[in-house]
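A short write-up of the structure that comes next.
The values are calculated or read from the model by the stated rules, or taken from the named source; none is laboratory data. Just so you know, these numbers come straight off a predicted model, no measurement behind them. Cβ placement follows ideal geometry from the backbone for every residue including glycine, while neighbour counts extend to all protein chains displayed.
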Amino acid sequence: MSVTANDVSVSVFALGSSLSIREAAQLRVGLLAAIEAGPVVLDASQVERADSAGCQLLVSLARSLAIRGETLTYSGVSATLTEVARTLGLTQACGLSLVDELAHDA
């Protein structure tokens with residue numbers, strides 16, 4: 001899906017229900033293609049399962065974007081993904097620190 005904001009087309013990349021070692025390689029290929037095509041926003045709202053491999057993928061993506069001067073942005077994040085990242089100590093590295101802060105303020 002693509003949305004346009006301020007005359008810039010942004011692709012929304014849905015992570016699906018599982019962000020684990022089983023899906024990491026396939027998601028990596030899709031994410032790399034998406035960020036090469038232009039700005040991307042991740043939809044992590046449907047993630048029901050996540051593990052360290054899935055979080056490592058997000059860390060890698062966040063770092064790759066940072067090198068390009070871009071930021072990893074989410075359109076939605078599930079409580080499951082937030083909790084797994086927090087447990088692993090990867091909230092900030094996954095680009096979820098603001099999402100986590102907003103959840104605690106609610």
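At a glance:
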quantity	calculated
Residue check, residue 37 more than 15 Å from residue 90 (Cβ to Cβ) and in contact with a strand residue (DSSP E or B) (Cβ under 7 Å, 6 or more places away or on another chain)	yes
The range 1-16, subset more than 20 Å from residue 90 (Cβ to Cβ) and among the small types (Gly, Ala, Ser), residue modelled with the highest pLDDT	14
Which listed residue, of 52, 20, 60, 64, is in contact with a strand residue (DSSP E or B) (Cβ under 6 Å, 6 or more places away or on another chain) and under 21 Å from residue 91 (Cβ atoms)	20
Qualifying positions in the range 39-94 - part of a loop (DSSP other than H, G, I, E, B), more than 13 Å from the chain's Cα centre (by Cα) and more than 19 Å from residue 10 (Cβ to Cβ)	48, 51, 89
Hits in the range 18-38 (condition: surrounded by 14 or more Cβ atoms within 10 Å (Cβ to Cβ) and not in a helix (DSSP H, G or I))	18, 19, 20
Long-range neighbours under 7 Å by Cβ, at least six apart or interchain, first residue under 13 Å from residue 51 (Cα atoms) within the range 74-97, second surrounded by 15 or more Cβ atoms within 10 Å (Cβ to Cβ) and hydroxyl-bearing (Ser, Thr, Tyr)	85/91; 88/52
